[in-house]
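Encoded as C-alpha cells, the structure appears first; notes follow it.
The values are calculated or read from the model by the stated rules, or taken from the named source; none is laboratory data. Note that this is a predicted model, so its numbers are computed, not measured. Cβ placement follows ideal geometry from the backbone for every residue including glycine, while neighbour counts extend to all protein chains displayed. Keep in mind that these areas ignore ligands, DNA and RNA; they rest on the heavy atoms of the full protein, side chains included. Shrake-Rupley method; radii C 1.70, N 1.55, O 1.52, S 1.80 Å.
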Amino acid sequence: MQIKILKDIKTESLLIYVRSVLEDLTNQLENNKYKIDLKNPEISAEIKKNIYFLHNNLEKSVLTQKELARKLISTKDEKNRYKALAFYYNTLLQEIQASLKEGNHWIPEHIVFSLLCEWVIEEEKPISSFTFLNDVDYIKLLSFYEEPKSTKEYRKNLLKMYKISSSMIEKLKDSKFKNNKPKKSKVK
C-alpha cells in the first residue's frame, strides 16, 4: 500500500467508527433514550443539527461496520483494502474499550467531535473524499461543552473524553497494518 492510500484507509476506518457511534446516537435521540442538554436550547439544537449532518453524510459515503464485515468475507477484489479497514477499525474499538470501562459515563457526541477535530484539523489528514467534514466547526462545538458553571465531576468527565479521543487517534496513527500474503509452497 502506498502512504497516501494508507492515510486514506485510516481516515475511512475512523469514519466507519464515527458512523457507528452516530447511528447509535441518532437512534437513541429519536427514541428519547438520550438527550443533549447543555442548559441552552440553541446550543443543544446546534449540536444535534451537526450530529444529524455528519450522520447523513456518512451514510452516503462510508460503510457500516456490518457492511465492512460482509465485504471482508465475500470480496476478492480489494481484499487487502478491506483487511486494512477492519484492522484499523478494530484498533479504534480496542482502544476505546480499554479506555472506557463498562458503566462509565461517556458523551458520545463529544468523542465524535473530538476525534474529528484532532484528525481533520490538528493532524491535517486527507479528507478529499469526505469534503463535508470541512463544513463542521468542531472547535466551536467542543467549546459549547466548556460551560464555566459546570460541576467538577462534569469537567473531569470532559477531560476524560478528550484523553480517550486523543489516545484513539494516537493508536490509529501508530498502528501499522501488515498484509500477510499466503506463502507459496515450493515444489522440489
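Go through the range 87-100 and report how many residues are open to solvent by 20 Å² or more (accessible area, probe 1.4 Å) and either modelled with pLDDT of 95 or more or of a type outside the set (S, T, Y) (or both). Lay out the reasoning, then the answer.
Of all residues in the range 87-100, those open to solvent by 20 Å² or more (accessible area, probe 1.4 Å) come to 87, 90, 93-95, 97-100.
Checking the rest, the ones that are also either modelled with pLDDT of 95 or more or of a type outside the set (S, T, Y) (or both) come to 87, 90, 93-95, 97-98, 100.
Counting residues in the range 87-100 that are open to solvent by 20 Å² or more (accessible area, probe 1.4 Å) and either modelled with pLDDT of 95 or more or of a type outside the set (S, T, Y) (or both) gives 8.
In the range 66-86, the qualifying residues are those that are in a helix (DSSP H, G or I) and among the hydroxyl-bearing types (S, T, Y), and the one that is most open to solvent (accessible area, probe 1.4 Å) is S74. Looking only at residues in the range 101-121 that are without any contact (Cβ under 8 Å) to a residue 24 or more places away in the chain and assigned to a helix (DSSP H, G or I), the one that is least open to solvent (accessible area, probe 1.4 Å) is V120. E42 passes every criterion in (1) without any contact (Cβ under 8 Å) to a residue 40 or more places away in the chain; (2) under 24 Å from H105 (Cβ atoms) apart from (2).
Taking the range 24-65 as the range and being open to solvent by 60 Å² or more (accessible area, probe 1.4 Å), under 20 Å from N90 (Cα atoms) and either at pLDDT below 90 or touching a Ser or Thr at 6+ places or on another chain (Cβ under 8 Å) (or both) as the test, only Q65 passes. Residues of the range 123-159 that are without any contact (Cβ under 8 Å) to a residue 12 or more places away in the chain and either in contact with a Cys (Cβ under 9 Å, 6 or more places away or on another chain) or part of a helix (DSSP H, G or I) (or both): T131, K140, S143, K152, E153, Y154, R155, K156, L159.
Annotation note: of K71, K66, K60, the sole residue that is more than 12 Å from R19 (Cβ to Cβ) and among the charged types (D, E, K, R) is K71. Pull out all pairs, ordered by first then second residue, where Cβ-Cβ is under 7 Å, the residues are six or more apart or on different chains, the first lies in the range 166-177 and is farther than 10 Å from L92 by Cα, and the second is open to solvent by 40 Å² or more (accessible area, probe 1.4 Å) and assigned to a helix (DSSP H, G or I). Within 7 Å, the pairs are F177/F87.
Checking each residue in the range 134-183 for being closer than 15 Å to K39 by Cβ, at pLDDT 90 or above and exposed (fewer than 14 other Cβ atoms within 10 Å of the Cβ) picks out only S143.
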